[in-house]
Amino acid sequence: MKKSREVRRLAGFAAAVLLAACEVSQEQEVALGDQTAQEVQAALPIVDDRYIAEYVAELGDTIAKLTSRNDLDWRFYVVNSHQVNAFALPGGHIYVNRGLIDATDQMYELAGVLGHEIGHVIQRHSVKQMQSQQKLGIAATLACTLTDICNNELGQAAINIGGTAVVARHSRKDEFQADSEAVENVLRAKIDPAGIPVLFETLMEQRQTQPTVVDGWFASHPLEETRVANSRKLIEATGADRVAGLLQDIPSYQEFKRRVARLPEPVVPRRAPGTQ
């Protein structure tokens, strides 16, 4: 009951923000993101390993602080889920599943993902999606879409109030736009943007061999050959001189991956009463 009330409170808050004006101010955007983040972090198994948390935060900050929205209080989190996914909330909250980190081989691939999610925040894609929705079950729907947590009480509460995937699903237009942002974002940080299409290709290969692990990514991030080709064209358009000699990997990234691999297995959430 308490969780259900929390989700209803969030929905009411979000609806008030969206109905108050056609344009959501940055202050409102940050408040909405902070409220949503509280719900998300109550529902998802956020990794509390200091080394892992600080590593992702440092890499993310390196990229985010060089963007046009460097005034935001950017925050980065790792979710203890083997599902391959990542998502962004309004105001600068970025979440990356351990499964996605496991799917990378080198640092520039994770940097590309962070640059992409940062791009969604820069373009305010989640806010725009929320403005087009009539019902908001934001945090619980994220939990259901991005991990295997759908059977807990928070997930059921979202279903009961008609929650919709207003943050978890991006249009192809939004994805192309975020890809473009990602290329520029990592370039400013002196990181090779080639990690973006490299990871895309890895995920497309995994879709053939491990579909249940990557389905969440494809559900929330439409991905096809055209996006891979487009990302390569974006990189080529920057010019060979601009990408020459940029970082692809660093020794500490491999230690970071080993630390992630040693994390305890995710706790399977208990089913809510009355569910099957």
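The values are calculated or read from the model by the stated rules, or taken from the named source; none is laboratory data. Note that this is a predicted model, so its numbers are computed, not measured. Heads up, the Cβs are rebuilt from the backbone with ideal geometry, glycines too, and the neighbour counts pull from every protein chain shown.
Within the bounds of region 52-68, is there any residue that is within 13 Å of the chain's Cα centre (by Cα) and among the hydrophobic types (A, V, I, L, M, F, W, C)? Checked region 52-68: at least one residue is within 13 Å of the chain's Cα centre (by Cα) and among the hydrophobic types (A, V, I, L, M, F, W, C). The helices (runs of 4 or more DSSP H) falling completely within region 103-216 that include 2 or more residues that are surrounded by 20 or more Cβ atoms within 10 Å (Cβ to Cβ) and modelled with pLDDT of 90 or more map to 107-122, 172-188, 195-209. When region 69-79 is filtered for residues that are touching a helix residue (DSSP H, G or I) at 6+ places or on another chain (Cβ under 6 Å) and either hydrophobic (A, V, I, L, M, F, W, C) or touching a residue at least 60 places away in the same chain (Cβ under 8 Å) (or both), the ones remaining, listed by number, are Trp74, Phe76, Val78. With a requirement of 2 or more residues that are at pLDDT below 95, the strands (runs of 3 or more DSSP E) lying completely within region 1-102 that satisfy it span 86-89.
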